[in-house]
1. Counting DSSP beta bridges in the chain, what percent are antiparallel, to the nearest 5?
2. Between E125 and N38, how high is the FRET efficiency from 1/(1 + (r/R0)^6) when r is the Cβ-Cβ distance and R₀ = 51 Å? Nearest 0.05.
3. Rounding to the nearest 20 debye, state how big the charge dipole of the range 19-115 is about its Cα centre with +1 on each Lys and Arg Cβ and -1 on each Asp and Glu Cβ.
4. Scaled to the compact-protein estimate 2.2 N^0.38 Å, what is the alpha-carbon radius of gyration of the range 104-150, rounded to two decimal places?
5. Using θ = phi - 60° and the Karplus curve 6.51 cos²θ - 1.76 cosθ + 1.60, what whole-Hz ³J(HN,Hα) does each residue of the range 61-67 get, with Gly and Pro shown as x?
6. Only sites in a loop by DSSP and with at most 13 other Cβ atoms within 10 Å count here; which trypsin sites (Lys or Arg not before Pro) in the range 119-183 make the cut?
7. For the chain, with the dipole built from +1 on Lys and Arg beta-carbon atoms and -1 on Asp and Glu ones, taken about the Cα centre, which of G245, L122, I205 lies farthest toward the positive end?
8. Most exposed first by the Cβ proxy, i.e. fewest other Cβ within 10 Å, how do I291, I205, I64 rank?
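Computed from the coordinates by the stated procedures, all read-outs in this text should not be read as laboratory data. Just so we're clear, the structure is a prediction, and the values are computed from it rather than from any experiment. Counting neighbours? That spans all protein chains shown, and the Cβs are built from the backbone with ideal geometry, glycine included.
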Amino acid sequence: MNFSSEQPKIIVVGSSSIDLVLETEKLPLPNETVLAVNSDSYFGGKGANQAVGTARLGASVYFIGCVGMDPLGQQIMRNLVSENVNVGFVHETDKESTGTAYVTTCDGNAAIVVVPAANKYLNKEHVDEADRYFTTSDLVLVQLEVSMDVVEYTVKKAKRYGKKVGLYASPAMKISNDIIENVDFIVAKSSELHVIFGEEKREEILKKYFNKVFVRDDTNSTIYFDGTEMKYYRNDKDSTVYKMGMGDAFTSGFAVALCHGNSIEDCVKFGNEVSSRVSGGKGSQTGLPRISDFNF
Ligand SMILES: OC[C@H]1O[C@H](O)[C@H](O)[C@@H]1O
């Protein structure tokens, strides 16, 4: 694994939220009431998670997002600043409150309902304001918790500037061919592939988009096609059950390793490693590792 002394420059365009996490002894079925054994709130939102994830791994990060004009929005800003994420392009809207996510979690499984709220107000003009940073960045990350228009616009802009672009295709929804063609890598959950790509078989999708689509499953493993064969990586020492935020952590690790010029195989291995470490913490951001946690 190569980690050069040059600091990768990453732009993350996406959501931020406060996650209310309820730990239960079983996930409630429809029409069922269960008692929580614990409840807490954490910083979250896939965009903010990836901004913090890549910053902790040593990248210089600009986050482009939108929060409400309320105390939760202020908390999110302060958290990002304390994580060394540049918030000069985080906008405030008076139209909605800050985004939230309601998470019920049991034995590592999480059922998440996201309320986008202010995140819906992120628009193309906001992305344009960061124009000059697009010219100097190495890589741009997007997810699907802000409007698809903004995602498409960001991907095209980044490509126009010749930058690498990564998409974490979550929450799963159909994405256009334009997006697929213009991004360098797509991270997706195994169980959601058909929502994103249609009914084609997993093997066919991976072969068609070799070295581009990386499929993650609940055991923190990653599968992709390298042009010759299917590759499957899982940390042997890893008994990790899936926890919230692992997809964001994988994407952050993969992106930073790619910026340092590593092979796809090494990017996947590092993404898995980063992801397995996040499972040690509570919420999506607490356990994200720092670059100093690794021996290179
Ligand atoms: O990917 C994990 C994130 O999904 C939801 O958006 C929650 O905010 C959580 O932090």
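1. Values: 22 of 56 bridges.
In the chain, DSSP labels about 40 percent of beta bridges as antiparallel.
2. Values: r = 41 Å, r/R0 = 0.81.
Approximately 0.80, to the nearest 0.05.
3. Details: 5 positive and 11 negative charges, 66 e Å.
For this selection, approximately 320 debye.
4. Working: Rg = 15.2 Å, N = 47, 2.2 N^0.38 = 9.5 Å.
Taking N as the residue count of the range 104-150, the ratio is 1.60.
5. Per-residue couplings from phi come out as 10, 9, 10, 10, x, 9, 10 Hz.
6. K174
7. I205
8. Numbers: I291 13, I205 20, I64 28.
Sorted ascending by nearby Cβ count, the order is I291, I205, I64.
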